[in-house]
Amino acid sequence: MAPLFSFKRKHCSILAASLFTLGLHNSFAQVDTLQKVTPNRSNSAEQAKKPYVVIISADGFRYDYAEKYHAENLLRLAGEGVRAESMIPSFPSVTQPNHFALMSGLYPSHAGIVGNDFYDPAQKGNFKAKEGKWFGEEPIWVTAEKQHLLTASFYWPASSAAIKGVLPTYYYNPSPNKDVYEDGRVIALKNWLSLPETQRPHFISIYFPDTDHAGHDHGPDAPETKEAVHFIDQTIGKLDAAAKASGLPVNFIIVSDHGMTYIDKEHLLSVPAFITRDKFITTVLGATVNIQAKDKADILPAYEKLKALNVDGYNVYLKKDVPENLHYGEKDDRYNRIGDIVLLAQWPKTFNQKVNAGAHGYDPAKVKEMHASFFAWGPAFKEHLKIPSFRNVEVYDVMMNILGIKPLPNDGTGALSKQILK
């Protein structure tokens with residue numbers, strides 16, 4: 001397969017042209033230094049005849065970005081298939097929990113991935129997405145591989161972690177501080193779909209960080225965010241063309257994990273000084289703070305003191321009292337990773353001390369800018385259909401239905417599959 005070197009996007013066209021001139025993008029003899037391949041796997045005879053699912057996540061691609069920035073390919077392709085008013089992220093509306101919710105159909109509290117960062121008292125440590133030990137539940141690629149249906153991933157969060165001891169057959173280790181040149185994902189998809197039937201992945205996940213980075217650094221209305229939307233839109237057009245050229249029954253699902261909003265940078269919130277490290281473990285997620293007491297006897301006194309402050313800008317909850325609609329309270333906390341005390345910032349306030357222009361993480365029921373995007377097209381989907389907003393835990397069942405794999409227990413209702421699949 002073609003080498004996929006990491007470069008800034010301004011060098012993309014030069015590098016891509018050079019690679020194409022050399023003919024490397026068509027050569028399976030070339031060594032791909034970034035791709036990892038799990039050996040000794042093949043599709044079973046039954047799975048080799050299944051359709052294909054390509055799910056693409058554009059991190060932070062807010063529900064209105066396609067219209068706002070005239071994403072021509074997305075609007076055209078979704079017009080042929082299915083488009084949602086928006087997709088409602090799970091709480092907290094941040095990256096790791098929602099990418100896993102999409103892949104498992106489980107709310108973050110049920111999957112145990114309760115933030116981009118969290119402390120686990122049982123493991124006495126902080127979450128690291130590259131380590132499989134933090135994941136007690138199965139994402140779709142693990143279930144598929146167990147049933148001898150091959151999978152591939154290009155930077156999807158947690159796809160390089162051996163979850164339940166299983167990795168995708170083909171995957172790339174994330175490189176969060178570098179841009180892969182624009183045709184890297186396209187070349188990877190072409191190569192995967194050109195593999196022999198026994199070695200060809202039927203479930204493919206692809207991730208873009210660009211809109212999230214631009215939204216954080218410059219805000220959702222910035223020219224840089226518009227540029228990121230156009231870059232992703234152009235690449236999706238190329239990915240779709242590559243799939244069509246393969247002649248295979250490829251179904252595309254385009255999603256995001258959350259939206260983006262401006263926040264109050266002038267009046268940042270802070271955790272009160274009496275929440276000290278000797279008594280508490282505090283995890284700040286921007287809009288949410290989890291406070292875990294080392295001694296349970298310290299919970300109520302700290303809670304009462306926090307309530308007595310009556311600070312304008314955030315709400316204070318004992319874990320048992322977190323609003324039920326968030327699925328982030330005591331009865332939902334299956335892995336005991338949510339704080340004994342939870343602080344929820346009131347938009348546009350934030351606890352994030354390093355914020356630039358944009359942020360996310362708020363309750364999507366209260367802040368519409370948290371809503372994500374959903375588009376889908378391909379032979380499995382109904383045509384020319386626009387649907388109302390729905391929760392992102394429903395997407396898992398759609399993918400399982402297309403692939404003909406029995407889903408594991410999850411928080412979806414199955415209603416989306418009935419609504420959008422033929």
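Values quoted throughout were computed directly from the atomic coordinates according to the rules given, and no laboratory measurement underlies them. None of these values were measured; they are calculated from a predicted model. Note that we place each Cβ from the backbone using ideal geometry, even for glycine, and neighbour counts take in every protein chain shown.
Residue separation of residue 310 and residue 68 scaled by 0.36 nm, minus their Cα-Cα distance, works out to 83.2 nm of gained length. For the chain, a crude dipole built from +1 on the beta carbon of Lys and Arg and -1 on the beta carbon of Asp and Glu, taken about the Cα centre, is about 800 debye to the nearest 20. For the stretch 280-354, the spread of Cα positions along the three principal axes, ordered from largest to smallest, is 29, 25, 23 Å. The GluC sites (Glu not before Pro) of the stretch 111-218 that DSSP puts in a loop, and whose beta carbon has at most 16 other beta carbons within 10 Å, are 131. Take the Cα of residue 42, step 7 Å toward its Cβ, do the same at residue 273, and the gap between the two points is 6.9 nm.
Remark on the stretch 155-272: ratio of C-alpha radius of gyration to 2.2 N^0.38 Å is 1.30.
Annotation: amide H of residue 86 within the under-5 Å range of 389, 390, sequence separation 5 or more or interchain, hydrogens built in the peptide plane.
Across the stretch 280-354, Cα pairs under 8 Å and at least six residues apart give a relative contact order of 43 percent.
The alpha carbons of the chain stretch over 66, 44, 41 Å along the principal axes, in descending order. Applying the Karplus relation 6.51 cos²θ - 1.76 cosθ + 1.60 with θ = phi - 60° to the stretch 279-291 yields 3J(HN,Hα) values of 10, 9, 10, 10, 10, 9, 10, x, 8, 10, 10, 9, 10 Hz, where x marks Gly and Pro. Taking Cβ atoms as reference points and 13 Å as the exclusive limit, the residues near residue 397 contribute a net charge of +1, counting Lys and Arg as +1 and Asp and Glu as -1. Tally the DSSP beta bridges in the chain and give the antiparallel ones as a percent, rounded to 5. Antiparallel bridges make up about 55 percent of those DSSP assigns within the chain. Extents of the stretch 106-216, largest first, come to 46, 38, 20 Å (Cα atoms, principal axes, whole angstrom).
For the stretch 311-402, the set of GluC sites (Glu not before Pro) satisfying both a DSSP loop assignment and a count of at most 15 other C-beta atoms within 10 Å is given as 383. Using a simple spin-label model with pseudo-atoms 7 Å out from Cα toward Cβ, residue 162 and residue 295 lie 4.1 nm apart. If the chain linking residue 262 and residue 353 were pulled fully straight, counting 0.36 nm for each residue of separation and taking away their Cα-Cα distance, it would gain 31.3 nm. Ordering 48, 341, 159 by the projection of their Cα atoms onto the charge dipole of the chain, which places +1 on the Cβ of Lys and Arg and -1 on the Cβ of Asp and Glu, puts 48 at the extreme positive end. Sequentially through the stretch 78-90, phi angles give Karplus couplings (6.51, -1.76, 1.60; θ = phi - 60°) of 5, x, 7, x, 10, 9, 9, 3, 6, 10, 8, x, 7 Hz, Gly and Pro residues having no value and appearing as x.
Taking all Cα pairs closer than 8 Å and separated by 6 or more residues, the relative contact order of the chain comes to 28 percent.
Summing +1 for each Lys or Arg and -1 for each Asp or Glu among the other residues whose beta-carbon sits under 12 angstrom from that of residue 321 gives +1.
Using only the alpha carbons of the stretch 303-422, what is the convex hull's orientation-averaged projected area in square nanometres?
10.3 nm²
Each other residue within a Cβ distance under 15 Å of residue 408 adds +1 if Lys or Arg and -1 if Asp or Glu, for a net charge of -2. Scalar couplings 3J(HN,Hα) for the stretch 107-112, obtained by applying the Karplus form with A = 6.51, B = -1.76, C = 1.60 to θ = phi - 60°, are 4, x, 5, 7, 7, x Hz; x denotes Gly and Pro.
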